[in-house]
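Structure first, then comments.
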Amino acid sequence: MSEAINVVCGQCDSIVRIPGDRLNQSPRCPKCRSALLEGPAVELRTANFDQHRSRNDLPLVVDFWAPWCGPCKMMAPHYEEAARRLGTKARFAKVNSDDESALSSRFAIRSIPTLIVFRSGKEVARQSGAMDLGSLERWLNSALG
């Protein structure tokens with residue numbers, strides 16, 4: 001059995017310990033029964049951002065976006081597809097920069113969309129501007145190692 005990892009549930013924010021060899025077996029949160037690594041990117045807010053950033057053992061990929069942003073809308077389906085394809089390598093999240101302006105300020109978001117990869121709570125990569133699926137996957141594979 002491989003080493004267990006912690007994953008923060010996107011629905012109830014519980015910290016769930018999953019054996020590493022079970023990541024591909026569609027694990028569910030024991031508290032709320034939600035799928036942990038499948039489905040759309042998790043919507044984060046100021047109240048739960050730090051828990052997801054620091055308590056996930058998987059890298060956290062955050063898309064800072066806004067509903068009025070054309071490039072954000074264009075990239076959204078590509079981001080969701082990347083989350084589906086790479087869901088066991090990283091946690092994918094979205095932050096609405098209009099609703100969460102404190103987070104946007106805290107991370108010096110100057111343009112949207114901006115993607116930030118966090119590992120062990122620290123920023124390790126950043127990319128601004130919309131990307132197609134191929135570019136996004138190449139950048140993520142490089143950033144995630």
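The values are calculated or read from the model by the stated rules, or taken from the named source; none is laboratory data. All of these numbers come straight from a predicted model, not from anything done at the bench. Here the Cβ is made from the backbone with ideal geometry for all residues, glycine too, and neighbour counts use every protein chain on show. These accessible areas exclude ligands, DNA and RNA; they are computed on the full protein's heavy atoms, side chains included. Shrake-Rupley method; radii C 1.70, N 1.55, O 1.52, S 1.80 Å.
Couple of notes before you dig in:
- Our summary of shape: the Cα atoms of the range 22-83 have principal axis extents of 38, 25, 21 Å, ordered from largest down, in whole angstrom.
- Cut-off of 10 Å, at most 16 other beta carbons, DSSP loop: longest stretch of the chain lacking such GluC sites (Glu not before Pro): 39-145
- With a simple spin-label model that places each label point 7 Å from the Cα along the Cα-to-Cβ direction, the separation between N24 and L133 comes to 2.1 nm.
- In degrees, nearest ten, helix 46-55 long axis to first principal axis of the chain (Cα): 50 degrees
- Percent RCO, i.e. relative contact order, over the chain, from Cα pairs under 8 Å lying at least 6 residues apart: 24 percent
- Cross-link partners of K31 among aspartates and glutamates (Cα-Cα below 15 Å; sequence separation of 8 or more within a chain): D13
- Degrees between helix 70-85 axis and first principal axis of the chain (Cα, 0 to 90, nearest 10): 20 degrees
- Angle of helix 133-144 to the longest C-alpha principal axis of the chain, folded into 0 to 90 degrees and rounded to 10: 60°.
- Accessible area in square angstrom per residue, the chain, 1.4 angstrom probe: 51 Å²
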